[in-house]
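Report on one structure; see the data block that follows.
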Amino acid sequence: MITYSFIFLAVLAVATALGLVISKNTVNSALFLVLNMVSLSGVYLLLQAQFLAIIQILVYAGAIMVLFLFVIMLLNIDEEESLFNKFRIKYFVAFLLGVGIFAQLIYSIGSFSDTLPVVSAQMAEAGTVEAIGDVLYTKYSLPFHIIAMLLTAAVNGALLVAQHKTKPLTEEND
Amino acid sequence: MQLLLNICIYLPLVGIAGILVARNDKATKWISLLATSATFLLSLPLLFNFDIAASGTAQYLTETAPLIGGMDIKYLIGLDGLSLLLFMLTTLMGPIVILSSWDSIKKHLAGYYSMLLLLQTASMGVFASLDLIVFYVFFELSLIPMYFLIGIWGGKNRIHATVKFFIYTLVGSLIMLVGLIYLGYDAGSVMEGVSFSTDWRFLSGTEYTIGLVEQTYLFAAFALAFCIKVPLFPFHTWLPYAHTEAPTAGSVVLAAIMLKMGTYGLLRVCLPVFPNAFAAFAPYMAALAVIGIIYGALVAMVQKDVKKLVAYSSVSHLGFVVLGLFAVNVIGVQGALIQMVNHGLSTGALFLIVGMIYDRRHTRMIEDFGGIAKVVPIFAVMFMIATLASIGLPGLNGFIGEFLILNGAFNSSVIPQNAFAVFAALGVILAAVYMLWMYQRVMFGPLKHKVNEKLQDLNAREIGILVPLIIFMVWIGIRPVDFTRYSEAQVNELIEQSQQKRIAVQQAAHKEELPGWASTLYDVTNELASKSQNK
Amino acid sequence: MNYLFDLNAFLPGVIAGVAGLIALLIDSYKNDHDGIYGLTVVSLIAALGLSIIDMFGPVGEAWSGMITYGGVSAFGNTVVLLGALFCVLISREYLKAIEHEFGEVYAMVLIATSGMLALASANNLIMIFVGLETMSICLYVLAGLIKEHKIGAEAALKYFLLGAFSTGFLLYGMALLYGATGSLSIPEIAQNASSNLLFIAGAGLLLVGFFFKVSAVPFHMWTPDVYQGTPTTLTAYMATASKSATFVALILIVSKMLPAETAEWSEVLEVIAIITMILGNIIALVQDNIKRMLAYSSIAHAGYLLVGLAAGTPEGYSAVLFYLLAYTIMNVGAFGIVAYYERQQGLDFTDVNNYAGLGFKRPIMGVMLSIFLFSLAGIPPLVGFFGKYLVFAAAINADMIALAVIGVLASAASVYYYLRPMVYMYFREPHKDVPFVQAGITFKGTLIVLTILTIYFGVAFGGLHDLLASYYSGDWVTHLTGN
Amino acid sequence: MISIDWYLALSAILFCIGIVGVLIRKNAIVIFMCVELMLNAVNLSLVSFSSHYGNVDGQILVFFSLAIAAAEAVVGLAIIIAIFRNNFSVDITQINLLRW
């Protein structure tokens, strides 16, 4: 059962990823990406990472991609006249890089296979919200705080960059 | 006394501070004159108190603890027989160059005099430092003021000239830096308690030797830097540009002091630290020196610009110095040392004279003059003496240096062919030809140009600048021993030590272990070693 | 877990971060730039003071092994904070002049600084990732500050896209390292390291991510564009503080995490160092825009820094640390003066032709720029020379003479373009009469302090060098060369 | 039973598709989405390693990567809006003011 689910999700993920890259319509690209994320979330469930599976949908598909779609609509850039870069040499480089990195990665990963099961026995507890929350607020509290600060800063920074008009300057000059 | 040496070196910097505070053109001149004159006066006790009997060891030493933990890099300065005269020459030229630019520099005075003063400090530092890293720092520091002196107050092509000068010399010295670091670690591996040492006293001593192959590489790295600075024949192309475009004071300092840094470096570092490579390369270096002598003379002969002519004569004269050094015997090295001073005095004087006439006529072309000896008699006399000194007329300083060098080259055990000395002697004759010809075309004959009739003769300031130089020219010419005695013991010891080291390295080396190209080197130095043992 | 202890161990970062949040808060209620500026300066000075004290203090881990304090980390923090403080001090006047002074700018600088401090103290890959991204995201915003101009928006976009792209590699590297060793903590990874392909690929991808961030060739494409499009004083911040933080993290990774037995890391670094030095210096030769010139020069400096890293000896690491301080001081100075000249004339004033004759018009600024440029070129007795000296000495002592020779020759070539602004400033006549505004006292004072530091550390380098060397003494084991 | 290699291979494939997409597309938004795809692929790797070891650290890194992706998206889209205001296009081949 797990095998069939994995095959289905994997095929779906690769197909949507390809769809994202070659789709002419930007909105379609975004929707392909949403579908890709949903299928990855399914894979996470197979791997017993329940918490991540949920926030993958909530944060990625639910929030980030909505933002993307919002911007695409706002800028009204759904159709592209010519899809890809004109530089042929760049295709070649991209192809080489892609194949090269892919081969390297598969080769590296291939050496990893061993007798351990895919999902270790401890995973049943490790993937829960409780387990993650436990370390997040103790061991990883410092990066967690920094992330909180970063999100605040990012929102303010985005406002700074996207504001249409510059704010009025302070009047006093020295 | 140690304190006095330090004061001498850094007093010009105080002058710069004074200039920056004063912000007044007139005060600027006087402050810089005061600073350099005080430096000169303060340096006199260093000369009088110098212990000639002990000239083999450095005196007035200032030695700090190592600046970096575990590495023997320290602020180590002092004077010994090799550096004393050049140091004195530097302090003497200080007030002279300041006075020489008294009226001729009209823009950005504060910058100009600050640069001259900075240059003064850097030059004194080069000659006084006995730690090679400190030496390197001063060596490089001297580039900055000269760069600006040529670039801002120079002639028409000044930008090209100054950038070329800067980059040429910098490339050389950066390669030297790599060699220097390697040398330091090599010395550190022998020395106890430190991992790095650039103390000259240790490096030149007999207890420290370097293998043949390393010596060759290191010698190449150091010699390249110094030969560019000298400049030896194929590396000389920056010199005529820099000399011609520089303002008078710049040319004087360049000729009298900065070029000496190259030959001084060869003597200070290459000879005692890499004796085998020094001896093995001697024939080639001597050949380049002789080519430089002849080439410089021939090119000087066809120059139309007096300043360029003097610049090429420098190439020729410094060829003599290099020839003397690579004779690697006491006479040759003594001759080279005294010739360094001579060249500083006579070429310095010639550049000053060219500057004086340029101030009056704003041209340096030979064809623009002719027959002015009658109009400016004092000038003619001064010019004559400087010219004759430069040629090497017996009784004047140039003769002593060239005589000793040629003598050394004839008797050298490392330069096999006497042909070198013969060709070098030809250079002396050529020098007489081009210098006298130039003098005759400028000074004698009919007065071709009407403008020249109204030429002013030298004023008191200008005479005051030239007279000390001329006194020394005559003094060295008549009683050279007054000067050579300062370095005699040191040079003897240096040659002796380097010979011992050479033999020690030779005996330690095994031909079979050397790479192919180095085995010929082995043969050459072996031959030399046996020769010097037989003597 | 002792919170007070942990808080104390990361106090500089906490101060910077909290100050950044307070600045955001003030900015959203009250447009009080003086207050925000004051807060920024005071908090940076406080953090700087604390991290200087930490430099001499004990070394250890805190926040359950997330960060290390003291030693290398404290020195890294000091350099970052110095860069940040000086940049903030010169920013006010400049930003006012180009009419882009917002409260958020200071907040971004503070929060980015906090991220850099986390990065420079990281002891866990998660801290590296979080610190690096906090820094980068704030810098994307700063790069896009002049978004009304095409040049600013483009700079931000290029920086952002390439930065995000490189983040992908970095993160993949971390994932593979995690897969190979089962841990994200740097010491544990070092313990479990093996020479299997997964580990090597992971470390390689991680290094690629870092090479992007420190703009090593061939991952440097974004640098000149971003440096040109960012407001100059913030470029200085980007070029110095962020590079220092990233390099300190790189030192931590290379020295602690990558044992020589696993692969020839030293050779990888050597190759990258060589091409970075050569390409950076050569392309800089043809630049007419002084900011682009400084950008390529910063690429070249990344190459020199990699030389020290490639040497892989304690000596090399301490040399890199010294170089980072030197680089920060002289680069902030150089950018500061470029900002000063630019402030007078507007944003397109960075072409080197415009510098004709300025050296005598503004003598003090001219002299200071010359000093900074000479120092960047590595002329003694300025701090840049001793930085280079130490780096090359480390390489020579590690028997990498070819590397040192190439580096030295590349730096000889660099002299040509460092001389160019001086050629224009001093050797050419000015184009037209341009009215000059007097620089404010803080601005001038900051630059004078930087000049003094440039000379001071060039002469009195001994104590600092010994301190840095002491971080690597004792039971310090270097993995890179395996000795 | 499928081995962990398959999960990792899927991750590698997605990562490479992302890289190729970044390199060949010229719409800045699509490029950015391809970057997101790359990050997602990495997350998959991390989760599978985490499951393999039964160790929660990998999932924590995924959590942080999600949060950072969100922050990056906010800033990145703001930058894209800014560039659109200037160029009326998000085509990166038209963004060529700055060249070496």
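Can you find even one residue in region B:479-499 that is closer than 18 Å to B:Val524 by Cα and either touching a residue at least 60 places away in the same chain (Cβ under 8 Å) or among the acidic types (Asp, Glu) (or both)? Let's see the steps before the verdict.
Residues of region B:479-499 closer than 18 Å to B:Val524 by Cα: B:498-499.
Within this subset, residues satisfying the condition of being either touching a residue at least 60 places away in the same chain (Cβ under 8 Å) or among the acidic types (Asp, Glu) (or both) are B:498-499.
Within region B:479-499, one or more residues are closer than 18 Å to B:Val524 by Cα and either touching a residue at least 60 places away in the same chain (Cβ under 8 Å) or among the acidic types (Asp, Glu) (or both).
Name the residue that is nearest to the other protein chains (Cβ to nearest Cβ), counting only residues in region B:149-171 that are among the small types (Gly, Ala, Ser) and touching a residue at least 60 places away in the same chain (Cβ under 8 Å).
We begin by selecting, within region B:149-171, every residue among the small types (Gly, Ala, Ser); these are B:151, B:154-155, B:161.
Pick out the ones that are also touching a residue at least 60 places away in the same chain (Cβ under 8 Å) and you get B:154-155, B:161.
Details: B:Gly154: 8, B:Gly155: 12, B:Ala161: 11 Å.
It comes out as B:Gly154.
Does D:Phe49 satisfy the criteria of being more than 7 Å from chain A (Cβ to nearest Cβ), closer than 22 Å to D:Gln94 by Cα and part of a helix (DSSP H, G or I)?
Values: more than 7 Å from chain A (Cβ to nearest Cβ): yes; closer than 22 Å to D:Gln94 by Cα: no; part of a helix (DSSP H, G or I): yes.
So D:Phe49 fails the test.
Specify which of the listed residues (B:Ala424, B:Ala409, B:Ala432) is within 25 Å of the chain's Cα centre (by Cα), assigned to a helix (DSSP H, G or I) and surrounded by fewer than 19 Cβ atoms within 10 Å (Cβ to Cβ). Working first, answer last.
Working: B:Ala424 fails: surrounded by fewer than 19 Cβ atoms within 10 Å (Cβ to Cβ); B:Ala409 fails: surrounded by fewer than 19 Cβ atoms within 10 Å (Cβ to Cβ).
Residue meeting the stated conditions: B:Ala432.
Assess whether D:Val35 counts as being more than 7 Å from chain A (Cβ to nearest Cβ), closer than 21 Å to C:Ser166 by Cα and assigned to a helix (DSSP H, G or I). Working first, answer last.
Values: more than 7 Å from chain A (Cβ to nearest Cβ): yes; closer than 21 Å to C:Ser166 by Cα: yes; assigned to a helix (DSSP H, G or I): yes.
So D:Val35 fits the description; yes.
Taking D:Gln94 as meeting all but one of (1) of a type outside the set (Ser, Thr, Tyr); (2) within 7 Å of another protein chain (Cβ to nearest Cβ); (3) surrounded by fewer than 24 Cβ atoms within 10 Å (Cβ to Cβ), write down the number of the exception.
(2)
Sort through D:Ala73, D:Ala78, D:Ala41 and tell me the only one that's surrounded by 24 or more Cβ atoms within 10 Å (Cβ to Cβ), more than 7 Å from every other protein chain (Cβ to nearest Cβ) and touching a helix residue (DSSP H, G or I) at 6+ places or on another chain (Cβ under 7 Å). Spell out the reasoning first.
Values: D:Ala73 fails: more than 7 Å from every other protein chain (Cβ to nearest Cβ); D:Ala78 fails: more than 7 Å from every other protein chain (Cβ to nearest Cβ).
After ruling out the rest, the residue left standing is D:Ala41.
Out of the helices (runs of 4 or more DSSP H) lying entirely within region C:363-465, which hold 1 or more residues that are on the phi > 0 side of the Ramachandran plot? Walk me through how you get there before you give the answer.
Numbers: elements: C:363-377, C:383-397, C:401-427, C:441-459.
Of the helices (runs of 4 or more DSSP H) lying wholly inside region C:363-465, none has at least 1 residues that are on the phi > 0 side of the Ramachandran plot.
Taking C:Ser64 and the conditions (1) out of contact with any Ser or Thr (no Cβ under 6 Å at 6 or more places or on another chain); (2) among the hydroxyl-bearing types (Ser, Thr, Tyr); (3) assigned to a helix (DSSP H, G or I), which numbered condition does it fall short on, given that it satisfies the others?
(3)
Of all the residues that make up region C:74-121, how many are within 18 Å of C:Cys138 (Cα to Cα), outside any helix (DSSP H, G or I) and acidic (Asp, Glu)?
Residues in region C:74-121 being within 18 Å of C:Cys138 (Cα to Cα), outside any helix (DSSP H, G or I) and acidic (Asp, Glu): 1 in total.
B:Leu436 is checked against (1) at pLDDT 90 or above; (2) more than 21 Å from B:Ile372 (Cα to Cα); (3) among the aliphatic types (A, V, I, L, M) and fails just one. What number does that condition carry?
Unmet condition: (2).
Tell me the helices (runs of 4 or more DSSP H) entirely within region C:159-270 that contain at least 3 residues that are charged (D, E, K, R). Can you show your working first?
Details: elements: C:186-192, C:197-213, C:222-229, C:232-237, C:243-257.
Counting at least 3 such residues, we get no helices (runs of 4 or more DSSP H) at all.
Kindly provide the set of residues from region C:347-384 that are within 9 Å of chain B (Cβ to nearest Cβ), surrounded by fewer than 24 Cβ atoms within 10 Å (Cβ to Cβ) and of a type in the set (Phe, Trp, Tyr), ordered by number.
Residue satisfying the conditions is C:Phe360 alone.
Checking the structure you have, find out if any residue of region C:204-213 is touching a Pro at 6+ places or on another chain (Cβ under 9 Å) and either on the phi > 0 side of the Ramachandran plot or modelled with pLDDT of 90 or more (or both).
Initially, region C:204-213 is screened for residues touching a Pro at 6+ places or on another chain (Cβ under 9 Å), giving C:211.
With the extra rule that they be either on the phi > 0 side of the Ramachandran plot or modelled with pLDDT of 90 or more (or both), the set shrinks to C:211.
For region C:204-213, residues touching a Pro at 6+ places or on another chain (Cβ under 9 Å) and either on the phi > 0 side of the Ramachandran plot or modelled with pLDDT of 90 or more (or both): present.
Keeping to region A:13-64, report how many residues are farther than 30 Å from D:Val90 by Cα and not in a helix (DSSP H, G or I).
Total satisfying the criteria: 3.
The values are calculated or read from the model by the stated rules, or taken from the named source; none is laboratory data. All values reported here derive from a predicted model rather than from experimental measurement. Here Cβ is always computed from backbone atoms with ideal geometry, including for glycine, and neighbour counts include all displayed protein chains.
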